[in-house]
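First comes the structure, then the notes that go with it.
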Amino acid sequence: MMRGGKEPPSFDSLDSDKSGGISLDEFKTAGPGGGKDAKANAMAEKMFAAMDTDSDGSVSEDEKSTFDSKMQDRMQSLQIMAQIAGQGGPEAFADAVVSSADTDGDGAMSADEFSAAAQSSGIESASGDLVAKLFEAMDADGSGSVDTGEAESFVKDLASQGPGGAGGPPPGPPPGPPPGGMADGSGSDSDSSSSQSDAIARLFEIASAAYASTASNSANSTASSLLSSLAA
């Protein structure tokens, strides 16, 4: 059973009698307690029922593979949510992204402002095409500018999209002054510039992780236009 990011047991290892299907008894025996722990058995029964989609009392290799993929997707989606939480949550992260690019102070970022911010952040993968696609995905109303609300919706969409690559970037610090900086805005200009640049860089990293393997989950998504570029 999948725990702590480990690979789930193989079908063959669970199909102990080599019948071509996994029985509930086989599944329980392979779990914690070897089929003798009541709590573990109750959990095994629920997992088995979820895997046995045709309810024939036996889990086929295809059924197990489908279940394992769904479980991995769920874990990866939680990873993306953790990455966003590590940036202070969707609202704070979106505000940091927009603020970092909004050079004219109108409360929104234009495509040119976003492109300039992406380039100055030093992101190697920030090609013109990818930047344009990312901006387009955030610009929900097609107005040519992205405000904090649109950016927040996009960030939330990333979290709901999942899954992120299992080797995606770990959560970083929330946007704002780095450790030792002043939260009241009295930190140095270089600290502020670095923090803002980090927000854009984190957006690219999180988006790339979220779309590393989203082919089956991208339909009807605000951000689905990024799939082909970010999954490449």
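Collect the residues in the range 44-68 that are without any contact (Cβ under 8 Å) to a residue 12 or more places away in the chain and either closer than 14 Å to residue 15 by Cβ or under 31 Å from the mean Cα position of the chain (by Cα) (or both), keeping them in residue-number order.
Across the range 44-68, the qualifying residues are 46, 49, 52, 54, 62.
Rundown of residues vs (1) in contact (Cβ under 8 Å) with a residue 24 or more places away in the chain; (2) touching a helix residue (DSSP H, G or I) at 6+ places or on another chain (Cβ under 6 Å); (3) part of a helix (DSSP H, G or I), yes/no style:
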| residue | (1), (2), (3) |
| --- | --- |
| 92 | yes, no, yes |
| 96 | yes, yes, yes |
| 103 | no, yes, no |
| 109 | yes, yes, no |
| 132 | no, no, yes |
| 137 | yes, yes, yes |
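Determine whether residue 55 is hydroxyl-bearing (Ser, Thr, Tyr) and at positive phi.
yes
Of the numbered conditions (1) at pLDDT below 70; (2) surrounded by 17 or more Cβ atoms within 10 Å (Cβ to Cβ); (3) under 18 Å from the mean Cα position of the chain (by Cα), residue 126 satisfies every one except a single condition; which is it?
Result: residue 126 passes all but (3).
Condition first: over 25 Å from the mean Cα position of the chain (by Cα), exposed (fewer than 13 other Cβ atoms within 10 Å of the Cβ) and modelled with pLDDT of 90 or more. Can you find one or more residues in the range 92-102 that meet it?
No, every residue in the range 92-102 fails to be over 25 Å from the mean Cα position of the chain (by Cα), exposed (fewer than 13 other Cβ atoms within 10 Å of the Cβ) and modelled with pLDDT of 90 or more.
In the range 3-43, which residue that is hydrophobic (A, V, I, L, M, F, W, C) and within 15 Å of residue 68 (Cβ to Cβ) is nearest to the chain's Cα centre (by Cα)?
11
The values are calculated or read from the model by the stated rules, or taken from the named source; none is laboratory data. Quick caveat, the model's predicted, so the values are computed rather than measured. Cβ: placed from backbone, ideal geometry, glycine included. Neighbour counts: every protein chain shown.
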